[in-house]
Amino acid sequence: MLTRHLVGEDGHVVGFELSTPGLRGQSGGPVFDVEGKVWGMQVATAHLDMNFDVDQEVIRDGLKRHVKDSAFLHVGHCIHVDVLKAFMRENDIQFQES
């Protein structure tokens, strides 16, 4: 799911963020829309601190346990297709649009 657009210093959209993280080896893979058109390319995973720190005693399976944890949201960062097309045009790389 698209969570937000990523904006460059000039205020233009350069990418987008997905609620699902990319896994190792997925960078460079395409992101498709519902019609099967390329919408962008996976380039990174960001780890967002959710500020939901836990440091408390809990009961699990009848046993008292101490839990200390920090929550992070792992999201995928992608380059927008318009940025990819601009790069290919600037470098005389042929591509096909549908």
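The values are calculated or read from the model by the stated rules, or taken from the named source; none is laboratory data. Remember, it's a predicted structure, so these values are computed and weren't measured experimentally. Cβ sites come from the backbone with ideal geometry, for glycine too, and all protein chains shown count toward neighbours. Note: areas computed on protein heavy atoms with side chains; ligands, DNA, RNA excluded. Shrake-Rupley method; radii C 1.70, N 1.55, O 1.52, S 1.80 Å.
For the range 1-16, filtering for residues that are open to solvent by less than 70 Å² (accessible area, probe 1.4 Å), in contact with a strand residue (DSSP E or B) (Cβ under 9 Å, 6 or more places away or on another chain) and not in a strand (DSSP E or B) leaves 1. Only residues that are at pLDDT below 95 and of a type in the set (F, W, Y) were counted across the range 78-97, and they come to 1.
In the range 1-17, what residues are touching a residue at least 40 places away in the same chain (Cβ under 8 Å) and over 14 Å from the mean Cα position of the chain (by Cα)? V13 - this is the single residue of the range 1-17 that is touching a residue at least 40 places away in the same chain (Cβ under 8 Å) and over 14 Å from the mean Cα position of the chain (by Cα). Applying a threshold of 6 Å to beta carbon distances and a minimum spacing of six or more residues, or different chains, the list of pairs starting in the range 18-29 at a residue that is under 14 Å from H47 (Cβ atoms) and ending at one that is assigned to a loop (DSSP other than H, G, I, E, B) and open to solvent by 50 Å² or more (accessible area, probe 1.4 Å) reads S19/M1.
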